[in-house]
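The values are calculated or read from the model by the stated rules, or taken from the named source; none is laboratory data. As the structure is a prediction and not an experimental result, all values here were calculated from the model. Here the Cβ is made from the backbone with ideal geometry for all residues, glycine too, and neighbour counts use every protein chain on show. Accessible surface areas use protein heavy atoms only, side chains included; no ligands, DNA or RNA. Shrake-Rupley method; radii C 1.70, N 1.55, O 1.52, S 1.80 Å.
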Amino acid sequence: MTLNVAALVAAAGCSSRMGRFKPLLPLGGKSIIEHVVDKLHEGGAETVVVVTGHNRHLLAPVVEKCGAVTIHNPDYQTTGMYDSLKLGLRYLRNKCDAFFIQPGDMPLITVETLRSQIEALITTGSQVVHPSYMGRKHGHPVLFAGNAIDALLAHDGEGGLRTAIRKLFGGKTDISVLDQGILIDADRPEDYQALVARFNKTAIPMELMEWPFLAQA
């Protein structure tokens, strides 16, 4: 069975905690957002939709060059992330069998994780497939069946995506992965520095590397 898979990337924020525009920060020979879009395409998403807001004029040309579709949230300064996601969900409605939702500052996810999620959605028939690192901590992206869009759009945004998932009735499947990339974002300067260090050590298996959250698990 083959699914028409899409992906929705939230990248409308102002990067206030970082102090620099996160999506276009360099990582290797690309920007963070380029890694995100390329990885989603490679992992099985035929269509990638990036919701822009702050610095749209800088971001849109970069992601469109990667083959992504851009949708702009003109009210990004006064609305939350879930409002941006709704713009993308309306675009994807009736256009895909399944779709990932992914923050725009998490470039270290692996292709294997994405493909495992798609396979789990096919085999279980669930509405949601949520990855967790070694079964201990959930991360991103979350994969949804296409028929979840109406329910996600009906959610008022209170409690964000986590609460919206709880309201779905089609079942949720958790898969355990050896991919710490599902947890690593770039909210603050120290996060970005750690992300770059991790990217530069990708030859070391993820499961053998330490990450601060493990001490808090």
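Please enumerate the residues belonging to region 190-217 that are open to solvent by 40 Å² or more (accessible area, probe 1.4 Å), among the small types (Gly, Ala, Ser) and either part of a loop (DSSP other than H, G, I, E, B) or at pLDDT 90 or above (or both).
ALA197, ALA203, ALA217, listed by residue number.
Only residues in region 154-172 that are under 19 Å from GLY125 (Cα atoms) count as the first member; pair them with residues that are open to solvent by less than 30 Å² (accessible area, probe 1.4 Å) and assigned to a helix (DSSP H, G or I), Cβ under 7 angstrom, at least 6 apart or cross-chain, and list the lot.
So the pair list comes out as ALA164/LEU152; LEU168/ALA148; GLY170/ALA148; LYS172/ILE165.
Hey, could you check region 161-189 for residues that are open to solvent by 20 Å² or more (accessible area, probe 1.4 Å) and among the small types (Gly, Ala, Ser) and say which is nearest to LYS201 (Cα to Cα)?
Taking the candidates together, the pick is SER176.
Evaluate region 149-158: report whether one residue or more is part of a helix (DSSP H, G or I), open to solvent by 70 Å² or more (accessible area, probe 1.4 Å), on the phi < 0 side of the Ramachandran plot and of a type in the set (Asp, Glu).
yes
Could you tell me whether GLU119 is charged (D, E, K, R), at pLDDT 95 or above and farther than 28 Å from SER15 by Cα?
yes
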